[in-house]
1. May I ask you to list the residues in the stretch 1-27 that are at pLDDT 70 or above and open to solvent by less than 50 Å² (accessible area, probe 1.4 Å)?
2. Step by step: first the residues of the stretch 312-328, then only those that are surrounded by fewer than 24 Cβ atoms within 10 Å (Cβ to Cβ) and assigned to a loop (DSSP other than H, G, I, E, B), then the one that is modelled with the highest pLDDT. Which residue is that?
3. I'm trying to understand the selection: among the residues of the stretch 761-776, which are in contact with a helix residue (DSSP H, G or I) (Cβ under 7 Å, 6 or more places away or on another chain), open to solvent by 10 Å² or more (accessible area, probe 1.4 Å) and of a type in the set (Val, Ile, Thr)?
4. Pairs please, first residue from the stretch 467-485 and assigned to a helix (DSSP H, G or I), second anywhere and of a type in the set (A, V, I, L, M) and at pLDDT 90 or above, Cβ atoms under 8 Å, 6+ apart in sequence or on different chains.
5. Identify, from the list CYS611, CYS543, the residue that is surrounded by 15 or more Cβ atoms within 10 Å (Cβ to Cβ), without any contact (Cβ under 8 Å) to a residue 60 or more places away in the chain, more than 35 Å from the chain's Cα centre (by Cα) and assigned to a helix (DSSP H, G or I).
6. Would you pick out the residues in the stretch 102-135 that are within 12 Å of the chain's Cα centre (by Cα) and of a type in the set (A, V, I, L, M)?
7. Quick check on the stretch 208-222. Is at least one of its residues under 24 Å from ALA499 (Cβ atoms), in contact (Cβ under 8 Å) with a residue 24 or more places away in the chain and not aliphatic (A, V, I, L, M)?
8. Six or more apart or on different chains, Cβ atoms under 6 Å: show the pairs whose first residue is in the stretch 645-659 and within 16 Å of ALA742 (Cβ to Cβ) and open to solvent by 70 Å² or more (accessible area, probe 1.4 Å) and whose second is not in a helix (DSSP H, G or I) and not hydroxyl-bearing (Ser, Thr, Tyr).
Amino acid sequence: MTKPLIHKAGAWVGPKGEALTPLLSMRAVHKSFGPTRAVQGVDFDVFSEEIVGLMGGNGAGKSTLMKLVGGLLAADDGELRLHDRQIRSDYDPRKAMAAGIRFVHQELSLCSNLRVFENFAIELPDLIRGIRWKKSAKGFARAALDEVFPGSGIDPNSKVAALSLSQQQMVEIARAVSHPGCRLVILDEPTSSLGSREAEQLREFMRRRRKEGLSFIFISHRLHETLDLVDRIVVMRNGRVAWTGDSAGIDATTLIEMLGGRHGEGESHARGLQVTQFSPLAVEVTDFSEGVVKFASAQIRRREIVGFAGLEGNGQRHVLQAIFDARSRNGGSITVQGSVAYISGDRANEGLFPLWSIEENVALSSLSQLTKRFFLSLSELHQLAERWFERLKIRAEAGTDHPVVSLSGGNQQKAIIGRALASKPDIILLDDPTRGVDLGTKSEIYQLFRELAAQGSCIIWYSTDDAEFLECDRTIVFRDGRTSEILDRSDVSLERLVAASFSGSETGGQTNAQLVAQRQRRREATVSTLIPLVTFSLMFALCVALNPLIFTPFGLTLVFSAAFALTFAATSQMFIIAAGDIDLGVGAFIGLVNAIAATWFVSDPLLASICTVGMLAAYPLMGLFIEVRRVPAIIVTLGLSFVWVGLATLRLPRPGGSVPEWMASILQTNVPLITMPVLLCVLPALAAFVLLFAWRYGTVMRGYGANPKAIEAAGWSTKTAKASLYGLAGLFAFLAGLLVTASTQGGDATGSNSMTLLSVAAVVLGGAAFSGGVVAPFGALFGTLTLVLVGTLLSLLGANAVFLPMVQGLLLLAAVGVRTFLVRRDQ
């Protein structure tokens, strides 16, 4: 839409006076969260081929309004129409996507444990399907990234966690616009973590696609970017629409005033403070080389604000983090004089403690100042939080004692800034600190930093918004991992920064980031497979050296016979860990299955069948309870472990019972080229791999373990994902119980209790992480076999059996220590 709309008689008409039907229409929409009225009687329209700029301060209601459009929230009152059809109360993200709406959230909704193409598969289930879904997903991902961000260099096989924040933002944007049925794209602060080149690529894509019929709602606190891009602007204040009109009819000064700011916002605030060579040296970086940084040197003094500029991925963040750690390496050194505070713009991963209150988040870095005679002064803590609450004008109607997640995104960022500054640091490191912060607050933060520098602080500032370097005394430009150029305040301009960032660089700054991603992928392969395999191989070699007969068909059968039931138990535990939980009752549950199989499976098959149905249903119901009631899994599974033990003891008070003939015959079944115990060990790992990695819905289940909100935002049911993971865990635990019965030829209500901790140890030894979604089926197999071989080794050495758990524990700690070292070595 190139010509402005006209608002006439309560409706929008085209330039020729023709009546227009909105693509999206909202009338008198209300949304409240307890006493907080986030959206109050909003009327909002978007038409085809239009880019609408939605602006307002933090807490103005922008994100809440867009979540109503995207189906993530339901309105309390009012009417919402899509394609001139009123939506019903069952409107959700899936229905919003079906209507052609895509949402790029301010807080990234990617699953970091998955690869780029797997995140596309979650978002596009109607297009990516079939046996060759992986190939299709990779094609979609590659094409979408090339269309929006040509030359990005992002490999669809890359794990999202291996990408920089800017690259993750690019993946999320490309994923959102890749569906051919997309009609309306909501972009909430899409350029907040993009470099200048990527931001311009996005704007060019939006202009191009608008001509092809696509509409956009663009939310940004970058004033000039918005005015240059959008057709129409809607300004919100306090949950209401304060003004709407054509962007061509408004200038920056007027818009700032409507947003609640002051004249001059968005312009340079050069301090004029003279920093001389006699100012004390605060930070010295000498020939520093680590990770993507090839060669970096700088001297930064007190009373100085220094910017770290350059294209994303050229080492700015790495040097900033190295200064915070004051690290020294063979490739150079970093010296820091004074206390250091770090302010990150990635508040979701590096800033907030979501379960804590606002005041606890703000006061965290100042606890030593608030402690007197070993006791924390709660009154002073409250006063400190209130002081920064007022100084930064954090908007929270409920007060500082409420959870920090109750704040809007921008106000959460203010809380992080307040926490760092409250500790009165000598050196302040800024990692894109104003990401998602409104114009008025940005101006206040700039003034605050100038005051701190005038008082003697040293401030080092990295930003993805080149305009913020106009606030700095000096700007150091990073290019190809090197500190290539230093610009004084008088030399800094947006044009000069762009030229310095690209000069002499053919790759656009992406090569270093690609190399880091490749190294992380290699480390991931090492952690998930190689370390467990090497550990197992070493343990097996020791056993064979002590008794060569182990390396015979009979010896291998004995080893695998001792492991197959534990392998099924470990696979069960792995599905729970994939959900981000831990099952403290799996051993007790296996004992219950064992007790019933050794009694009713023999004497009363009908009752045994009923019990089987009940036991298989118990786990998915447990998962649903944990998901719906938000009760920690560790509490639920621990409580149920006592239930399982009690039921098993009632059925079989003392060891005994027998085994059905069909169950006993399982272990005697002949399998070509392989013994049954070996097959039973390999089978659960193979099945888990197919279910979690080859099956397309397995991607959703693993994604749920890392980021349930992302799964929900993509239109999937988190309840179904949780119940599926727990249901599969219950199935493998049930099979483990049957195998225990078959191998022992009887039952023991408490004989399998040790499998709980052993299963956890096997999964962790096999490369899993409790962060959720990070599991390795074959690694868990090798972990199980290693734990079994420890017992064999001690037996061959003639050691007392009491040493077995000690050795297993030390082995687990050693493996985890090596894994942690490899993962963090180049971070």
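1. First pass over the stretch 1-27, keeping only residues at pLDDT 70 or above: 20-27.
Within the stretch 1-27, PRO22, LEU23, LEU24, SER25, MET26 qualify.
2. Among those residues, the one meeting the criterion is ALA326.
3. Selection gives VAL764, VAL775.
4. Final answer for the pair search is GLU471/ILE305.
5. Details: CYS543 fails: without any contact (Cβ under 8 Å) to a residue 60 or more places away in the chain.
When all the criteria are applied, what remains is CYS611.
6. LEU108, LEU110, LEU114, listed by residue number.
7. To start, the set of residues in the stretch 208-222 that are under 24 Å from ALA499 (Cβ atoms) comprises 222.
Checking the rest, the ones that are also in contact (Cβ under 8 Å) with a residue 24 or more places away in the chain come to 222.
Restricting the remaining residues to those that are not aliphatic (A, V, I, L, M) gives 222.
Yes; the residues of the stretch 208-222 include at least one that is under 24 Å from ALA499 (Cβ atoms), in contact (Cβ under 8 Å) with a residue 24 or more places away in the chain and not aliphatic (A, V, I, L, M).
8. These pairs meet every condition: PRO655/ASP748.
The values are calculated or read from the model by the stated rules, or taken from the named source; none is laboratory data. The structure presented is a predicted model; accordingly, all values stated were derived computationally and were not measured. Quick reminder, even Gly has a Cβ in these numbers, built from the backbone with ideal geometry, and neighbours come from all protein chains shown. With ligands, DNA and RNA removed, areas are computed over all heavy atoms of the protein, side chains included. Shrake-Rupley method; radii C 1.70, N 1.55, O 1.52, S 1.80 Å.
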